[in-house]
Amino acid sequence: MDILIATHNQGKIKRYRRLFANITNLNLVTLAELGVSHKADEPFSTPKENSIHKAKIYGDLSQLPTIAIDEAVSTNFLPDNEQPGVFVRRFRSGRDLTDAEVLAAWQEIFKIYSQTDRQFVWDFSLSYYNPADGFIKTSQARQINTVAQEFSKIIDHGYPMSSFLIPTGFDRPHSELSAEECLMVDQINLGLFVELLADVVRG
């Protein structure tokens with residue numbers, strides 16, 4: 001079954017292809033493979049709304065069953081009016097930041113909020129949309145990270161914050177984990193996404 005993954009982020013494509021690798025009869029198709037360069041907007045304040053919105057846009061555009069994933073992040077140290085929320089890439093900016101700009105922004109923030117018990121809480125939403133019949137199904141997941149004392153020199157393209165965020169159960173940033181460890185973290189935190197997509201493929 002061909003399902004479009006609605007993102008231009010190559011790091012995200014790699015991550016979810018690895019997570020869904022054991023789903024029988026699933027073939028994840030990318031926007032690049034379809035020659036789609038359009039970038040959908042993200043106008044909503046929750047990852048669920050944005051994931052549904054993007055799945056519909058790219059599903060209708062491609063006429064393929066489509067999944068879209070969106071995230072929001074909050075911290076235990078920033079004031080309520082300064083939380084990133086769904087603006088993970090556009091945090092404190094009106095545009096998408098590069099990996100280097102994201103890291104520079106957080107380095108400046110950590111100079112102000114220097115406590116050692118900092119946490120990041122990620123809320124994920126995956127939405128599936130089939131343009132043939134309008135069927136929509138959504139699943140949500142959560143992941144909690146602590147913050148490394150020093151930024152890693154290893155940067156995962158598309159996931160710059162993995163250079164300083166430490167998954168639960170580990171003592172080093174996500175970018176320094178092996179591929180097997182990264183998969184284990186995602187299987188624990190995002191297992192509901194696998195269940196949703198497996199159910200869809202089974203019909």
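Read-outs: derived from the displayed coordinates by stated rules, not from any lab. Here the structure is a predicted model, which is why all the values come from computation and not from measurement. Reconstructed Cβ throughout: ideal geometry from the backbone, glycine too, with neighbour counts over all protein chains shown.
Would you calculate, for the chain, the mean residue ellipticity at 222 nm contributed by helices, counting each DSSP H stretch of 4 or more residues as -39,500 (n - 2.57) and dividing by all residues, to the nearest 500?
Calculated mean residue ellipticity at 222 nm is -10000 deg cm²/dmol.
Tabulate in residue order the Karplus-calculated ³J(HN,Hα) for segment 67-79, using 6.51 cos²θ - 1.76 cosθ + 1.60 with θ = phi - 60°, rounded to whole Hz; enter x for Gly and Pro.
10, 9, 10, 9, 10, 9, 10, 10, 10, 9, 10, 7, x
What angle, in degrees between 0 and 90 and rounded to the nearest 10, separates the Cα long axis of helix 179-189 from the longest principal axis of the Cα atoms of the chain?
Between helix and principal axis, roughly 80 degrees.
Which FRET efficiency value, to the nearest 0.05, do you get for LYS39 and ARG172 by plugging their Cβ-Cβ distance into 1/(1 + (r/R0)^6) with R0 = 30 Å?
0.35
So what are the ³J(HN,Hα) numbers for segment 190-200, from phi and the Karplus equation (6.51, -1.76, 1.60; θ = phi - 60°), rounded to whole Hz, Gly and Pro as x?
10, x, 5, 5, 5, 4, 4, 5, 4, 4, 5
If you fit an axis through the alpha-carbon atoms of helix 47-62 and take the longest principal axis of the Cα set of the chain, what angle between them do you get, 0 to 90°, nearest 10?
40
When a/c is below 1.5 the answer is rounded, else prolate if a/b is larger than b/c, else oblate, so apply that to segment 1-94 with a ≥ b ≥ c taken from the square roots of the Cα gyration tensor eigenvalues.
prolate
May I ask you to list the aspartates and glutamates whose Cα is less than 16 Å away from that of LYS39, ignoring any residue fewer than eight positions away on the same chain?
Here the aspartates and glutamates satisfying the reach criterion relative to LYS39 are ASP60, ASP70, ASP96.
Tell me, rounded to the nearest percent, the portion of alpha carbon pairs in the chain spaced more than 24 Å apart.
Of the Cα pairs, 40 percent sit more than 24 Å apart.
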